[in-house]
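Values quoted throughout were computed directly from the atomic coordinates according to the rules given, and no laboratory measurement underlies them. For clarity, every value in this text was computed on a predicted model and none was experimentally measured. Ideal geometry is used to build each Cβ from the backbone, glycine not excepted, and the neighbour counts take in all protein chains shown.
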């Protein structure tokens, strides 16, 4: 395989991580891997609880790609079995269990999106029902016997819910056990997760020891802040950039982030070498480059990752036309509606918002315009039989015709 030296690999792979548990163990695994010309088995478990991936999800996937490019074996575990329970991490109440149909539908979308970052020819994808569904009740009892209730209650979310007298279902205790058992089933050397996943990652180490395996090394990855610059990126909060969104929307959203968030986005949302990122950030700090120009570079890099360099160039030209020249996009989708058409329904049906509640919120925040005029009421009925342009926020446009 002709691997790079262990020291050189460590320097690359340790960048942009929060914690490596345990660092010395990781260095040793790399040394053995190089000496034996044997790839490390790198695990990422994903519960397909929602169908779309955003830049926050992509942070760990880009780290996996680094491992992949250095010759290591990537195993993506699609949690069709664990997904039916739902990860209790960060939850204030028991999560609604997904049906098998919902899980499998989301899993299909995840497979397509993951390969926008990982090389499909060098990625193994498995469903954890392959081994978890085969466990009998005696196996489950043995698994549960390896951990105490006191240890489970060390989890911050379980402790908080217990103190607040909020229900904790017994099946939720099995989630970290099942995630840990995944590491046994595939004999993982490395497992990845966000910082909030640390308890689950350590459970994998614990169970591997209990079952006589060498414990995996846990990589905790940083959580990308959303476009609001305050809370973590989340579709439910509306502060996300989806990796399959159209190029102009990705570009526009990237341009909307705060100047303070740029260093984090350059480091975590692009694949630029750290030396180049540091050079850009130094130029910003020393006022050798305007923040707008740096942000345009950032937006181009992000669009290029998922749509290619030409799409990034086109998106930039579109952005300049719309925002710097105060024009309208040269192209936008067109829709027809029968009068009277309620503004909320029009926005949702035209794909300008994902839900009626989001449409109401944007109107109430004066974020919706028709032909340049701010929409002032969520009860607006459109009746004029002329073509109009609806603008939602700064980046979404649609032509509508009322018939």
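Evaluate the range 172-221: find the radius of gyration of its Cα atoms, find its Kirkwood radius, and give the ratio Rg to Rh.
0.93
On a 0 to 90 degree scale, rounded to 10, what angle separates helix 309-319 from the longest Cα axis of the chain?
In the chain, helix 309-319 runs at an angle near 40 degrees to the longest axis.
As a footprinting exposure proxy, order 258, 304 by other Cβ within 10 Å, with the fewest listed first.
Working: 258 14, 304 19.
With the fewest neighbours first, 258, 304 line up as 258, 304.
With N residues in the range 118-227, what two-decimal value do you get for its Cα radius of gyration over 2.2 N^0.38 Å? List each step's numbers first, then the result.
Details: Rg = 15.4 Å, N = 110, 2.2 N^0.38 = 13.1 Å.
In units of the 2.2 N^0.38 Å rule of thumb, it is 1.18.
Most mobile of 270, 123, 374 per a Gaussian network model of the chain (Cα springs, under 10 Å)?
Of 270, 123, 374, the Gaussian network model singles out 374 as fluctuating most.
So what is log10(I(q)/I(0)) for the range 245-382 at q = 0.16 1/Å, when the Debye sum runs over its Cα atoms only?
Result of the Debye calculation: -0.93.
Just to be sure I follow: if Rg is taken over the C-alpha atoms of the range 247-324 and Rh is the Kirkwood radius over the same atoms, what is Rg/Rh?
0.95
Calculate for the chain the 222 nm mean residue ellipticity that helices alone would give, adding -39,500 (n - 2.57) per DSSP H run of length 4 or more and normalising by residue count, nearest 500 deg cm²/dmol.
After summing the helix terms and dividing by the residues of the chain, the value is -13000 deg cm²/dmol.
Just how far, in whole angstrom, is the range 333-382 from the range 200-265 if you go by their alpha carbon centroids?
31
Please check: in the Gaussian network model of the chain (C-alpha springs, under 10 Å), which one of 341, 294, 105 has the largest mean-square fluctuation.
Highest fluctuation of the listed residues: 341.
Using the Kirkwood radius over Cα pairs, work out the Stokes-Einstein diffusion coefficient for the range 160-283 at 25 °C and 0.890 mPa s, in µm²/s as a whole number.
Estimated diffusion coefficient is 140 µm²/s.
In whole Å, what are the extents of the range 334-402 along the principal axes defined by its C-alpha atoms, from largest to smallest?
The Cα atoms of the range 334-402 stretch 27, 20, 20 Å along the principal axes, largest first.
With the chain treated as a Gaussian network of Cα nodes joined by springs under 10 Å, which of 393, 56, 229 yields the largest mean-square fluctuation?
393
Give me the angle, in degrees from 0 to 90, between the Cα long axis of helix 170-186 and the longest principal axis of the Cα atoms of the chain, rounded to the nearest 10.
Tilt relative to the chain: about 70 degrees.
For the range 6-221, I need the span (max minus min coordinate) of the C-alpha atoms along each principal axis, in Å, sorted largest to smallest.
Over the range 6-221, Cα extents along the principal axes are 50, 34, 33 Å.
Relative to the longest principal axis of the C-alpha atoms of the chain, give the angle of the C-alpha long axis of helix 291-307, reported between 0 and 90° and rounded to the nearest 10°.
Taking the Cα atoms of the chain, the angle to 291-307 is about 70 degrees.
When DSSP beta bridges are limited to those with both residues in the chain, what percentage is antiparallel, rounded to the nearest 5?
45
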